[in-house]
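The values are calculated or read from the model by the stated rules, or taken from the named source; none is laboratory data. Remember, it's a predicted structure, so these values are computed and weren't measured experimentally. Positions of Cβ are backbone-derived with ideal geometry, glycine not excepted, and every protein chain shown enters the neighbour counts. Heads up: the accessible areas ignore ligands, DNA and RNA and are worked out on the full protein's heavy atoms, side chains in. Shrake-Rupley method; radii C 1.70, N 1.55, O 1.52, S 1.80 Å.
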Amino acid sequence: MASDATSDITKRDFLYVATGAMGAVGAAAAVWPLIDQLNPDASVLALASIEFDLSTLSEGQSVTIKWRGLPMFVRYRTPEEIAQAKAVPLSDLKDPQTDAERVKEGHEQWLIMIANCTHLGCVPVGESGDFGGWFCPCHGSHYDTAGRIRKGPAPLNLIQPEYEFLSDTIVKIG
Amino acid sequence: MSGQSGYNPTNPVEKWLDERLPILRFSKEHLMDFPTPKNINYWWTFGAILMFMLVIQIITGIVLAMHYTSDASLAFDSVEHIRRNVNYGRIIQGTHAVGASMFFFAVYMHIFRGLYYGSYKAPREIIWILGVLIFVLMMATSFMGYVLPWGQMSFWAATVITEIFAAVPVVGEPILVLLRGGFAVDNATLTRFFSLHYLLPFIILAVVILHIWALHVPGNNNPTGVEVKTSADTVPFHPYITMKDLFAVVVFLIPFAWFVFFAPDILGHPDNYIQANSQITPPHIVPEWYFLPFYAILRAIDFDMLFISSKLGGVIFFGGSIVILFFLPWLDGSKVRSGSYRPLFKPFYWLFVLNFLMLTYLGAQAAEGIFLLLSKVGTAYYFAYFLLVLPIVSRIETPNPLPASISESVLGNKGE
Ligand code: HEM
Ligand code: FES
């Protein structure tokens, strides 16, 4: 009789666990849409790539454009700025990257990056700071003329999106 | 303690109701006859003030929501519309905005009262934990409320605070996008914040009910920290405490009304009267005053610790400064509740208060030079108070003798 009861309990246990597991899967499946609706919707994703005409800028100028809702810096760098960025030894950098890695070959005057400080997302001010690049007023991060972090709490260089040059003057971002 | 009931309905309608839904009995026991220590002082009135403030925020908030538009292109103008066109809108909006500050002022008083009189100790740990939970919910609510007017400070507060989540390794970035509903703070962020800003105060209300339920099991602590022994130690809640609380609310309303009528914007930031612009950050962003101490802690960590980046480190300390409060009942081992009888505890407590005020001041200053250095010192003491001072002091201290009962302390003081 004792063994009977045990086998009975085991069978029931299995049914309980199986039912519970199915219930949990069902509940998770029902909850997922409620969470996923928080993610970017189709209209936000539809803006995922843009084209920008660089011929509107002259040397030493920069603009802030909008890409996926984010501000983006497009800077036409002067030869001095490029030389300054190239002269920096990698050992001086918190997030080591050469100037060449920050631009596309043959288009090294164009620096394209997301304008949010990698610390907590403020938009740094151009042509300022201790390194002649950008300075973030929020908590004092300094970036150089290649947008690399040099001083302050930000952990990384200004982030660069995927982009390619469709011609010498048209760049596709995203 | 809540067992003895003075409710004996004689009227047949009341009797009929009492057998079906004993709501009058419950009210009589908990809102009128509830035995309350007779020595509680004015620091004990902030609980009632907080209840009052929650009701004020809910009523004014519901009215504002009738005129407010949670669309990124219209939100800023709709708040101006409330202030300029809606009948009495200037006062209703001002009451809600100033009310948030008054609410936080009261909650800080309430928390520091608890810290001094040891109200977090057994058997009141759950009351304290629910209180910390309410504090966290209040911070979330007011943060999201502050985003609603969609000014420059709203926008950049939303950006910086959501960005904090991106510091979490691996899942940080997807969580950030999930919270914002986009790659940047935008319309989707605003609409969900409005929805949650409407919801959270009601969740707070529910937790407040649990908080008071938990309070009504052991009853109130008191300035001596000695438990109630006989009914000679207590007075009924009504009319003694109800009237005292009401008086405190009236006094509290004086500065509140002054702000609303004479300086509704003085606690805010002028940049929030510039519409949100995702391309330009204001040169000096500061949170609302009631977040400043925690903001100072966030910014104090500007150095890497082993494999933890300064960004993640700041977030850990910021979160830790609040999470640590949940553990306080087990960090302070002293059996004596009230700080008044703890000679060694007292100076450290007041240093903690001063340190908290200093962090508030520092949170509003630029994070550089001496300010940054002091923020680090302040952060260190904040954590040391909980992790070193309280555990050690409670082991080595010899407390002063406690009065035998609440009655004795009250009458004894008179007699001396
Ligand atoms: C825990 C209670 C609450 C707190 C701490 C709180 C806090 C805040 C804060 C700080 C603001 C920004 C005020 C400004 O700068 O103009 C705000 C705005 C707003 N709140 Fe609340 N709130 C609370 C409850 C509610 C409730 C219950 C509702 C609605 C049911 C509500 C609806 C609104 C609306 C529509 C706005 C935007 C209009 C405005 O900016 O004044 N709030 N809230
Ligand atoms: S957001 Fe740029 S330094 Fe903090």
Exercise for review: Sort out which residues of the stretch B:271-299 are buried (at least 19 other Cβ atoms within 10 Å of the Cβ), within 15 Å of ligand 2 (Cβ to nearest atom) and either of a type in the set (F, W, Y) or over 17 Å from B:V147 (Cβ atoms) (or both), and write them in order of number.
Suggested key: B:Y295, B:A296, B:I297, B:L298, B:R299
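Would you mind stating whether B:I62 is surrounded by fewer than 20 Cβ atoms within 10 Å (Cβ to Cβ), of a type outside the set (F, W, Y), part of a helix (DSSP H, G or I) and at pLDDT 95 or above? So that I can check it myself, show each step before the final result.
Working: surrounded by fewer than 20 Cβ atoms within 10 Å (Cβ to Cβ): yes; of a type outside the set (F, W, Y): yes; part of a helix (DSSP H, G or I): yes; at pLDDT 95 or above: yes.
Yes.
Could you tell me whether B:S27 is out of contact with any helix residue (DSSP H, G or I) (no Cβ under 8 Å at 6 or more places or on another chain), outside any loop (DSSP other than H, G, I, E, B) and either away from ligand 1 (no atom under 16 Å from the Cβ) or open to solvent by less than 70 Å² (accessible area, probe 1.4 Å) (or both)? If you could, list the steps in order and put the result at the bottom.
On the way: out of contact with any helix residue (DSSP H, G or I) (no Cβ under 8 Å at 6 or more places or on another chain): yes; outside any loop (DSSP other than H, G, I, E, B): yes; either away from ligand 1 (no atom under 16 Å from the Cβ) or open to solvent by less than 70 Å² (accessible area, probe 1.4 Å) (or both): yes.
So B:S27 fits the description; yes.
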Practice item. Considering each residue of the stretch B:143-176, count those that are assigned to a helix (DSSP H, G or I) and more than 10 Å from ligand 1 (Cβ to nearest atom), and give that number. Key: 17
Check your understanding: Taking interchain pairs and intrachain pairs at least six residues apart, which have beta carbon atoms under 6 angstrom, with the first residue in the stretch A:146-166 and of a type in the set (V, I, T) and the second open to solvent by 10 Å² or more (accessible area, probe 1.4 Å) and away from ligand 1 (no atom under 16 Å from the Cβ)?
Key -> A:I149/A:K94; A:I149/A:D95; A:I159/A:I114
Practice item. Residue by residue through the stretch A:133-155, note down the ones that are facing another protein chain (nearest Cβ under 7 Å) and farther than 12 Å from B:A367 by Cβ. Key: A:P155
Exercise for review: Can you confirm whether the stretch A:27-46 contains a residue that is within 10 Å of chain B (Cβ to nearest Cβ), touching a residue at least 40 places away in the same chain (Cβ under 8 Å) and among the charged types (D, E, K, R)?
Suggested key: no
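Restrict the check to the stretch B:145-155 and report whether at least one residue is closer than 26 Å to B:L210 by Cβ and either within 16 Å of ligand 2 (Cβ to nearest atom) or buried (at least 18 other Cβ atoms within 10 Å of the Cβ) (or both). Please lay out each step first, then the result.
The first filter runs over the stretch B:145-155 and keeps only residues closer than 26 Å to B:L210 by Cβ, leaving B:145.
Now narrow it down to the ones that are either within 16 Å of ligand 2 (Cβ to nearest atom) or buried (at least 18 other Cβ atoms within 10 Å of the Cβ) (or both): B:145.
Looking through the stretch B:145-155, at least one residue is closer than 26 Å to B:L210 by Cβ and either within 16 Å of ligand 2 (Cβ to nearest atom) or buried (at least 18 other Cβ atoms within 10 Å of the Cβ) (or both).
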Point to revise | Exclusive hit being loosely packed, with under 14 Cβ neighbours inside 10 Å and modelled with pLDDT of 95 or more, set B:L354, B:L331 | key: B:L354
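Looking at this structure, is B:G172 more than 10 Å from every other protein chain (Cβ to nearest Cβ) and under 24 Å from B:P329 (Cα atoms)? Write out each step before concluding.
On the way: more than 10 Å from every other protein chain (Cβ to nearest Cβ): yes; under 24 Å from B:P329 (Cα atoms): no.
No, not satisfied.
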Check your understanding: Among the residues of the stretch A:72-87 satisfying the criterion of being touching a helix residue (DSSP H, G or I) at 6+ places or on another chain (Cβ under 8 Å) and among the hydrophobic types (A, V, I, L, M, F, W, C), which is nearest to ligand 1 (Cβ to nearest atom)?
Key -> A:V74
Check your understanding: Just wondering, is there one or more residues in the stretch A:155-162 that are in contact with a Pro (Cβ under 8 Å, 6 or more places away or on another chain), farther than 23 Å from A:Q61 by Cβ and within 13 Å of ligand 2 (Cβ to nearest atom)?
Key -> no
**Study point:** Residue pairs meeting the criteria (Cβ under 9 Å; at least 6 apart or on separate chains; first away from ligand 2 (no atom under 14 Å from the Cβ), in the stretch A:108-128; second acidic (D, E))
**Key:** A:E108/A:D99; A:Q109/A:E59; A:Q109/A:E81; A:L111/A:E81
